[in-house]
1. Can you give the accessible area per residue of the stretch 173-215, in Å², using a 1.4 Å probe?
2. Give me the distance between the Cα centres of the stretch 249-294 and the stretch 194-215, rounded to whole Å.
3. In what order, largest first, do Glu156, Glu176 sit by accessible area if the probe radius is 1.4 Å?
4. Go through Phe244, Phe20 and list them by solvent-accessible area, largest first, probe radius 1.4 Å.
5. How much accessible surface does Ser293 have with a 1.4 Å probe, in Å² rounded to 10?
6. Find which of Ser136, Gly169, Thr36 sits farthest along the positive direction of the dipole of the chain, computed with +1 on the beta-carbon of Lys and Arg, -1 on that of Asp and Glu, about the Cα centre.
7. 5 Å is the cut-off here: which amide hydrogens, built 1.01 Å from N in the peptide plane, fall below it relative to Leu191, excluding neighbours closer than 5 in sequence?
8. Kindly state, to the nearest 0.05, the FRET efficiency for Glu120 paired with Glu166, given R0 = 30 Å and r defined as their beta-carbon distance.
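The values are calculated or read from the model by the stated rules, or taken from the named source; none is laboratory data. These numbers were taken from a predicted model, which means no experiment stands behind them. No Cβ is skipped: glycine too gets one built from the backbone with ideal geometry, and neighbour counts run over all protein chains shown. Quick note on the areas: whole protein, heavy atoms, side chains included, nothing else; ligands and nucleic acids left out. Shrake-Rupley method; radii C 1.70, N 1.55, O 1.52, S 1.80 Å.
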Amino acid sequence: LAKFYLSNSFAAEALDVINFMQAVDPGLQSDMQLQTMKAAASYQMGRYRDAHNALAGSQFDQDRHAALWRGLASAGLEAWEDARLNLERAEPVLNTYDAETQARVNLAVVQAAVETGHLELADAAMERVSEKLPGSLGLMAKMGRARLYAAEHRGERADALLDEIEKSGNERFATEAIYYRVVTGLQNNTLKPQQAINGLERLRYRWRGDSLELKTLRKLAAIYFGEKRYREGFLTLRAAATNFPNNDAAIQATDDMRTAFIELFLRGKAETLPPVQALGLFYDFIELTPIGSEGDEMIRRMADRLVKVDLLGPAADLLNYQVTKRLDGVARAQEIGRASCRERV
């Protein structure tokens, strides 16, 4: 019954049957065939993390059918290297699946290969995809071809396909086409940073709630940082982290914030900012200060800079925050001693 449901795209029903079987007989929790079917059903429902977790055990490492669903799940999670490796491993069994699944796998290979720089692999996979696929699958194929053309610097052909997708009437694919047009324009220097910012700012409100919004926000923040518009970059990444708290890409957005904060206040980039502006930025995103010696050094540098421009009150407040909130024991005593020396100077 579960197989029948899966083969007819009734993924939720298939998953319900599998869960019932495993609940009645706990011994089936480790059944490889059932777990592979569970991953397939979860993938069809867009639950990529569940699909990935269903096949996480080492017993699936040599199973090519498991590799196929592992690869599709990784592509859904945008873990491109894992997707590429698993889908390559699954190639010998691909012809045992229906035409639609074969097309989805080949298109996932194209995406993963483009993202990881294996363009020859993307070309070979694209050759196996029909140019007359229906509906959303056809739009996926056009998107794959457009991205491959862009990566191969065949910009006119890529633009033509992106235009078709943008005018297709499918809002999800139209938004994605705009996103990749901006990304390609930046890579090829045919778009100036401010033009890219304008396009992505409009895009972030046009499509909300999934990985495309996250990608848009992270790309937008990266451009802001490149243009030294740090506050806008931090606020954009904060929105990504807040709106998608349980998403892996949101965790990456938080990592992006921490990296940018360290570059500013530990690696010296904040030296180019006026002291008051740097202080405001520091306080507004102070939660990004690293735990431990790096964070303490960051605060000391900020305080020293404020002292140099006679902003003694803000410097004292910053050191007081460090002493009362971050330090204890010997480290606290040492910092109090440094603060006293600064006051005497």
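1. Numbers: 2130 Å² over 43 residues.
Per-residue accessible area for the stretch 173-215 comes out at 50 Å².
2. Measuring centre to centre over Cα atoms gives 24 Å.
3. From most exposed to least exposed: Glu156, Glu176.
4. Ranking Phe244, Phe20 by accessible area, largest first, yields Phe20, Phe244.
5. Its accessible surface works out to 90 Å², give or take rounding.
6. The residue sitting farthest along the positive end of the dipole is Gly169.
7. Leu186
8. Details: r = 28 Å, r/R0 = 0.95.
My answer for the efficiency is 0.60.
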